[in-house]
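Presented below is the structure to which this report refers.
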Amino acid sequence: MWIRTKFAAWLSIAIVVLLAAGLFWLRLPAVSWQSSLLDTLPQEADPAQQVYMAHQQPNEQRFMLLFTVANDDFAAFAAALRKELAQLTGSEAEIQPLQQLDAQAIVSIYAEYAGQWASPSDLTTLRENPQQLIQYAQQRLQQPLPLWVDIQQDPLLLSQRLVEALPEPLPNFAAEGPLYVRHSTTHTNIVVALQSKADTLSQEHSRTVVAHTEQLLSALTATAIPHKVIRSGLVFHTDAAATQAKHEMTWFGGLSLAFVLILLWCVFRSLLHLLYSLVVVGVSTLVGVTAVMWCFSSPHVLTLVFATTLIGLCIDYVFHASIGASHGKSNWQQVVPALLLGATTTIVGFLLLTLLSLPLLQQLGVFMAAALVSVTGLVLLIPELGLTKPTTLRWQQLHHKVARSYQQVAPRTGSIILVVLAITCSIAAWQTYRSDDAVQLLATSSESLLAQEQDMREQTQAFYDSEVILIKATNMDELYQRYARVHQRLVDWQQQGWLTSWQSWFDYVPTPQQQQQVSDALAQLWQQPAGQNYLAWLGIQPPQAKLSSDQQPPKAHPLYENFFYSSAEAEQPVVGVIRLRGSTTNNDFTQAIAALHGVEVFSPLTQASEALGHYRSQLMQWMMALVLLLFIVLSWRLPYIRRQQRYLASLQVSAIIITALSSALAIAALWQPLNAFHFVGAMLVIVLGIDYGIFCASRIHRAHALQAISISALTTMFAFGALSFSQTAAIASFGVTVLIGVAITAVLVPLLTPANSTHSV
């Protein structure tokens, strides 16, 4: 009979797994997982920002190497570098030199507009001293140098001069094939710009790219030619972070796992409970992910990061159920109502997240609610599965002593202590509260890599700030006019000290106003003796003006897609971008931008940080709502005969949770400002506090409840608390909050007044 019951239990689990797996694979092709923090913003986020971010090339696929060699060694080193680059680009990592602008395409577009476009300096000369341009053109025409403009359209060679004056991708570096070279009196700098098709946000892919790059550097070192090298690119930071994470997981994860195994062996003399906990975690995760995929077409990978709280809940539920079942059927009948009440309260609490405006929290609410439903069902099968081995006698005796010692505290005194602690800790948390949601906290780079990045920026001037100026409009004609007005203000803003330099479309193409001025100045010149004499010297007629009435950027220009973006959706705006370097965020600059219609300063890093700030704020609101919901539900459902007792017990549980949360956040704030990941840790503290409180306030034998609580608390504290030693601030903040919060909760819950005094010890 027992074997038949056990088989039925495992069959039920198998059916759940097969059903969830089938739904998972059925839905998988229609789901697109998101990884950008911008995708976590509310749906009402600025559409111009969405258009801009959707068209960005993944900078993480690009990286640079800067070599410094003596001038005498340049030729030999460059030859060796070209040889190694050829081998590198043939590797499985699909690394290629970053494509340079097509010179023929550049020449073609400027030749098409020959005689219509001129640089700002040539326009000034044309209006004030045209004879200077005439003399230059005459000298140039008499030299054996290649010309690609049509003399009849552009007698002054204005377009040729414009192309020659275009900004270089790397200022002061000359392009020599895949290399960019800059010579000085004693040494030569060589820049190699590379790109990879591999996803360098992937640890595996980034390791492959870095490994091939290190092979190149090792081969160059083997040449014995003295040189220095610095690296720049997200791929190096990703690989370094992955290496650091693996190191931390090896030590922290190994130590915490060893502690958990030793603890469970000492308590149960068996590891079956741990194995079943892993089964529960795996099945519930599958159910949760499947539910999210069916409710959302574009779920975010951060949902799975935030959902790590599920692990602590699985451990908690399994040990409560197994210890409760080990003490007989009558005790199990007291455990089941507490399990169901705790699960129901927590599930409803997570469903409240779906009412918030942030997509990530909505997804987290669905994940946790669905997963906890499966967790509850799985732990209710524990008696049928035979996981009823009792804890060791010493473990039971220890918790009987603990229960008796806490019973010495009078219920009224315990209530006063809990309320006073809650008020005191709340005030302390409010006084010490400080926050910082900078997205840079998601990863920590070594000082060496950061120094190399800074050195690369200073030497190449190839990087711009994350801040850009976005110009938006409903159509391209309107956008082009707004873009030109903003461009004209850049020099004034530079003189004000608000920015150092910029990269604008009109650094490469004249504004519509400048094109009109060029046309007017040329028409006037050809009517003057100097212009007529020059045309006679050339033996041509005055060129016909070709100024187009369609004031739109030429889409054939190779740089068009770098500055203008549009969406396939008709209601989305068209967007132009100006990249900034050395920009400031003072109020004057902000007000100057705000005064321009359809113009804003946008930073993806700032936007991502604001997204984390939104989550921190809404998680705080959710936790306050959950504590209020907890008080209401427990006042209604706790197994106390008198209503006043239910109110008192509900107040005690709420006070314990508030004390644990406030203490954890106040202490964590002493090390670093609070961020969203502190509150992700607080989620685990609050849901474990709910379960611990409900079990201690139920009719379960107090010593039996404390056995499960201590195992759950110790395993959670060591499994997650070890993360507090991580070098990554976000991970450490999560670990610190869990470690402190769970410890305080476990210490305070025995002060709860038991529902049945005859089962208090």
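The values are calculated or read from the model by the stated rules, or taken from the named source; none is laboratory data. As the structure is a computational prediction, the values presented were derived from the model and not from experiment. A quick note on method: Cβ atoms are made from the backbone with ideal geometry, for glycine too, and the neighbour counts reach across all protein chains shown.
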Subject >> Ala536 part of a loop (DSSP other than H, G, I, E, B), farther than 23 Å from Val575 by Cβ and of a type outside the set (Ser, Thr, Tyr) >> reply: no
**OP:** Sort through Leu629, Leu634, Leu619, Leu638 and tell me the only one that's at pLDDT below 90 and either among the small types (Gly, Ala, Ser) or under 28 Å from the mean Cα position of the chain (by Cα) (or both).
**Re:** Leu619
Original post:
Any chance the stretch 80-87 includes a residue that's modelled with pLDDT of 75 or more and either in contact with a strand residue (DSSP E or B) (Cβ under 6 Å, 6 or more places away or on another chain) or closer than 30 Å to Val518 by Cα (or both)?
Top reply: no
Original post:
Under the condition of being acidic (Asp, Glu) and either in contact with an Asp or Glu (Cβ under 8 Å, 6 or more places away or on another chain) or surrounded by 14 or more Cβ atoms within 10 Å (Cβ to Cβ) (or both), which residue from the stretch 39-76 is modelled with the highest pLDDT?
Top reply: Asp73
**OP:** Please enumerate the residues belonging to the stretch 456-487 that are within 29 Å of Asn172 (Cβ to Cβ) and among the charged types (D, E, K, R).
**Re:** Arg457, Glu458, Asp465, Glu467
**OP:** Among the candidates Arg643, Arg616, single out the residue that is under 30 Å from Gln407 (Cα atoms) and either free of Cβ contacts under 8 Å to residues at least 40 places away in the same chain or not β-branched (Val, Ile, Thr) (or both).
**Re:** Arg643
Subject >> Pairs where the first residue, in the stretch 582-595, is free of Cβ contacts under 8 Å to residues at least 40 places away in the same chain and over 13 Å from Gln496 (Cα atoms) and the second is part of a helix (DSSP H, G or I) and aliphatic (A, V, I, L, M), C-beta under 9 Å, 6+ apart >> reply: none
Original post:
Somewhere in the stretch 100-123, is a residue acidic (Asp, Glu) and modelled with pLDDT of 90 or more?
Top reply: yes
Original post:
Inside the stretch 386-401, can you point out the residues that are in a helix (DSSP H, G or I) and more than 45 Å from the chain's Cα centre (by Cα)?
Top reply: Leu393, Arg394, Gln396, Gln397, Leu398, His400, Lys401
Subject >> Given (1) in a loop (DSSP other than H, G, I, E, B); (2) over 30 Å from Val107 (Cα atoms), number of the condition Leu629 does not satisfy >> reply: (1)
**OP:** Among the numbered conditions (1) surrounded by 16 or more Cβ atoms within 10 Å (Cβ to Cβ); (2) over 27 Å from the mean Cα position of the chain (by Cα); (3) not small (Gly, Ala, Ser), tell me where Leu255 comes up short.
**Re:** (1)
Original post:
How many residues does the stretch 145-164 hold that are part of a loop (DSSP other than H, G, I, E, B) and modelled with pLDDT of 85 or more?
Top reply: 7
**OP:** Select, from Ala343, Ala369, Ala422, Ala338, the only residue that is buried (at least 19 other Cβ atoms within 10 Å of the Cβ) and either outside any helix (DSSP H, G or I) or assigned by TED's automatic domain parsing to the domain that holds Ala649 (or both).
**Re:** Ala422
Original post:
In the set Ser603, Ser583, Ser609, which member is buried (at least 16 other Cβ atoms within 10 Å of the Cβ), farther than 23 Å from Asp507 by Cα and of a type in the set (Ser, Thr, Tyr)?
Top reply: Ser609
Subject >> Matching entry among Leu398, Leu393, Leu339 (being within 30 Å of Phe679 (Cα to Cα) and aliphatic (A, V, I, L, M)) >> reply: Leu339
Subject >> Boolean, Gln488 is buried (at least 16 other Cβ atoms within 10 Å of the Cβ) and farther than 30 Å from Ala241 by Cα >> reply: no
Original post:
Checking Thr188 against (1) under 25 Å from Thr124 (Cα atoms); (2) crowded, with 17+ Cβ neighbours inside 10 Å, which single condition isn't satisfied?
Top reply: (1)
Original post:
So which pairs qualify, if the first residue must be in the stretch 228-239 and without any contact (Cβ under 8 Å) to a residue 40 or more places away in the chain, the second must be of a type outside the set (Lys, Arg), the Cβ gap must be under 9 Å, and the two must be at least 6 apart or on different chains?
Top reply: Asp239/Thr200; Asp239/Gln203; Asp239/Ser206; Asp239/Val209; Asp239/Val210; Asp239/Ala211
